[in-house]
Amino acid sequence: FSRLIDQLRLLETKQKQNQEDALKKIRTWLCRIETSLEQDQLKDSDALQKEIKKELGRLANLPPQEKLTLEKRLQKVAPKIHELKGWRHWGTDQARKELTDEAVTLKDTDQDANTRATAVRELRSRWKKLGEIDPASGHKLWKNFDTACSEAYALSQAHFDAEEQQRQNNLVDRENICHDYEALEQSTNWDSPDWRDVDKQTRTLQNRWRNSAPVSRRHWASILERYKSAEIAVESHLKNERRISQNKREDLIK
């Protein structure tokens, strides 16, 4: 029984300490709110007001007079918070309208695709930084802004799609070079080849590869590996023949 009594006393002490900590936190928050409102600044007053209400709801054993005092202070700042919130929404709504105008202008601005796409991303980032939007007017503002941004980006996207299609065509060209290189190695009778013709075809294939346009980065590694494999397969035969030919020439010199 004594142990249980000690546990209850310990729990009571802990609860009192928690209550004192909560009250201290609430008073600090209220001071922050009051200071901000005196300077006509909203800052985080709205969020702190909500947190204070939550904390007061959790403090079931708070003395009525203490609770009433805190609630009065909270009620006193509520109208000012509401007023500043209205001004903030007005200000952010104006800023959003200006961003929408920029997006509309961007669509008609003559600039390259990458610059326009970057500008659209920056506009969307600036929109997000404005914070929460007023539900009453927010949907229409967002719809107008999103439509303007999408239309501006569509111009860049068309250019990107054309570039991607060209890279796909370039990939087909390089695949054909690899196919021709592989066919050269497979179709040549290496017991009695026409070395001049093989060398000529090899140089032609290498020039075609060097003059080919870029492909997508996601395809580059695989197509390069295929080309190198085909090139090495043919070069292994040519390398041996070049060595034999060089030895013959050295013998002639001697």
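Miscellaneous remarks
- Among the residues here, residue 62 does not qualify as open to solvent by less than 70 Å² (accessible area, probe 1.4 Å) and either on the phi > 0 side of the Ramachandran plot or within 38 Å of the chain's Cα centre (by Cα) (or both).
- Restricting 176, 170 to those that are assigned to a helix (DSSP H, G or I), at pLDDT 90 or above, of a type outside the set (Ser, Thr, Tyr) and open to solvent by less than 60 Å² (accessible area, probe 1.4 Å) reduces the list to 170.
- The residues in the range 102-116 that are closer than 14 Å to residue 157 by Cβ, in a helix (DSSP H, G or I) and not polar (S, T, N, Q) can be counted, and the count is 4.
- Restricting the range 1-23 to residues that are basic (Lys, Arg) and either over 13 Å from residue 62 (Cβ atoms) or touching a helix residue (DSSP H, G or I) at 6+ places or on another chain (Cβ under 8 Å) (or both), the residue that is most open to solvent (accessible area, probe 1.4 Å): 3
- On inspection, residue 193 does not qualify as in contact (Cβ under 8 Å) with a residue 40 or more places away in the chain and either open to solvent by 70 Å² or more (accessible area, probe 1.4 Å) or polar (S, T, N, Q) (or both).
- Cross-chain or 6+ apart pairs with Cβ under 8 Å, the range 55-82 first and of a type outside the set (S, T, N, Q), then open to solvent by 100 Å² or more (accessible area, probe 1.4 Å): 74/53
- Among the criteria (1) farther than 25 Å from residue 130 by Cα; (2) open to solvent by 70 Å² or more (accessible area, probe 1.4 Å), the one residue 79 does not fulfil is (1).
The values are calculated or read from the model by the stated rules, or taken from the named source; none is laboratory data. The structure presented is a predicted model; accordingly, all values stated were derived computationally and were not measured. Neighbour counts run over all protein chains shown; Cβ positions are idealised from the backbone, glycine included. In case anyone asks, the SASA skips ligands and DNA or RNA and just uses the protein heavy atoms, side chains included. Shrake-Rupley method; radii C 1.70, N 1.55, O 1.52, S 1.80 Å.
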